[in-house]
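Take a look at the structure set out below.
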Amino acid sequence: MSEVYKKGSLSLLGAIGMGTGVMIGAGIFALTGQVAELGGALFPLAFLFAAVISGFSAYSYIKVSSKYPSAGGIAMILKKSYGTTTITGAGALLMALSMIINESLVARTFGTYTVRLLDVDVDGASVPLLAVGLIILAFLGNLAGNQFIGTVSKVTALVKIGGIVLLSGAVLYVSGFSFESTTAVAEQSTTVGGFLAAVAIGILAYKGFTTITNSGGEMENPERNMGRAIVVSLAICFVVYVLVSLAVKSALPLDEIVRAKNYSLAQASRPAFGELGQGITIAIAIIATSSGVLASVFAVSRMLTMLTDMKFIPHRHFRMPGNIQKHMLVYTVLLAGLLAAFFDLTRIASLGAILYLVVDIAVHWGIFRHLREDVGARAAILVSAIILDVLVLGAFLALKGANDPLVVVVAIAAIGAVLVFEHFYLRRVREDEAPLVEHMH
């Protein structure tokens, strides 16, 4: 395990680079169009509301992770709240699943942007094939080791943040900071439910901050730096997302944003800069998404390794060489590859949003009930975080239940299956440990 967790090896800048790396990979290239489809002309505001809700959420994670820094991250927070129970195991496993869903979302976005560069059929097999190919490359990159991933994350974070900010600023400047084309179509097309559903998808663009909590065991001075890394990462992403959404809003009418929802940023750079602008945007998207998948695969495999160590999930190596984290890499990549191959972007994003919000509510409730005095958390902020999550999740489930019930069914089935699995698995673990305890006495 020494190779996986090295105390004090992660600087504040490194943690910020990792957080923004995971967030910006998916957040902006995949989700701007998805948020616009649900939120109508007010979609830049959805990113603002999503940032506010993510800020309330971050409060819970910062409070516990700063007092108890650990590589366990969310699993540790849930265990401190609920003990070694089904809720802890299921919550941690669902969070890992939502991170794997996020990987497939980013990989699928990579495929969507790359086919535009190659000028091949967007609706054919090219997008899923490219997505699966990127996931395999990320697996090979992870085999190269932690240092390689850290270096790639830092370099690409600078490239993609700088590139996106410059590009968005240029698009806004060329359009004369005018938003008439979007606003004229349809202020009235936005319902309250639709806007809240857009916020739910927008929250996905910020959820990468939770991966920082998994690095508590390695962070320099985690008691101070955990909160700083999370707040700075969220602030950087908020600025980038608002800039991009305003650039897209200024360059394209709403119906065109929705039509090009999977590659809206590339489409938005076209009126201002023509083919060259689109090419530069696609190049930045490819860098952002590929580095995002690399960082995310690393984070998930470590989380699953920790869940194995904590005896919340079983481990079978199937005669594979290497340590547990290497085996978890294989399982992570297989599941992300399957999702990327068979689900489209909208459904992957919807599934990820539902699972993440359910776990987020469980985290806040656990801290409110069992930990708030221990970690010095304010009840009012925890209750506000729960109310905001419930509001957004309720609106999202209502909308998807009407428009795409399959997503809701799959999400409920996944949550149910994980709860049942954890219940029986933990019961077996306790039965296996009982004779050992008796023998020691």
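The values are calculated or read from the model by the stated rules, or taken from the named source; none is laboratory data. Note that the structure is a prediction, hence the values are computed from the model and not measured. All Cβ positions, even for glycine, are placed from backbone atoms using ideal geometry, and neighbour counts span all protein chains on display.
So the values come out like this:
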item: Given (1) farther than 21 Å from G202 by Cα; (2) modelled with pLDDT of 80 or more; (3) surrounded by fewer than 23 Cβ atoms within 10 Å (Cβ to Cβ), number of the condition Q267 does not satisfy; result: (1)
item: Qualifying positions in segment 279-314 - closer than 22 Å to Y113 by Cβ, under 13 Å from the mean Cα position of the chain (by Cα) and β-branched (V, I, T); result: T289, V293, V297
item: Qualifying residues in segment 50-74 (those that are under 16 Å from the mean Cα position of the chain (by Cα) and modelled with pLDDT under 90) - the one surrounded by the most Cβ atoms within 10 Å (Cβ to Cβ); result: I74
item: In segment 193-225, the residues that are under 12 Å from I53 (Cα atoms) and charged (D, E, K, R); result: K207
item: Pair list, Cβ under 8 Å, 6 or more apart: segment 291-320 residue part of a loop (DSSP other than H, G, I, E, B), other residue of a type in the set (G, A, S) and modelled with pLDDT under 75; result: M310/G72
item: Residue within segment 333-344 that is modelled with pLDDT under 85, more than 18 Å from the chain's Cα centre (by Cα) and farther than 19 Å from I74 by Cβ present; result: no
item: Any chance V407 is of a type in the set (A, V, I, L, M, F, W, C) and within 20 Å of the chain's Cα centre (by Cα); result: yes
item: Residues within segment 226-249 that are crowded, with 24+ Cβ neighbours inside 10 Å and over 15 Å from F43 (Cα atoms), tallied; result: 5
item: Helices (runs of 4 or more DSSP H) (entirely within segment 168-252) containing at least 2 residues that are in contact with a Leu (Cβ under 6 Å, 6 or more places away or on another chain) and modelled with pLDDT under 90; result: 180-186, 222-251
item: Any pair with Cβ under 9 angstrom, 6 or more apart, that starts in segment 324-341 at a residue that is of a type in the set (A, V, I, L, M, F, W, C) and ends at one that is at pLDDT below 80 and outside any helix (DSSP H, G or I); result: I324/M1; I324/V4; I324/H315; I324/H317; M328/H315; L329/G322; V330/F318; V330/M320
item: Flag if A380 is under 30 Å from Y59 (Cα atoms) and free of Cβ contacts under 8 Å to residues at least 12 places away in the same chain; result: yes
item: Residue count, segment 141-173 (criterion: more than 27 Å from S250 (Cβ to Cβ) and over 21 Å from the mean Cα position of the chain (by Cα)); result: 5
item: Unique residue being surrounded by 24 or more Cβ atoms within 10 Å (Cβ to Cβ), modelled with pLDDT of 90 or more and not small (G, A, S) when the list is L45, L38; result: L38
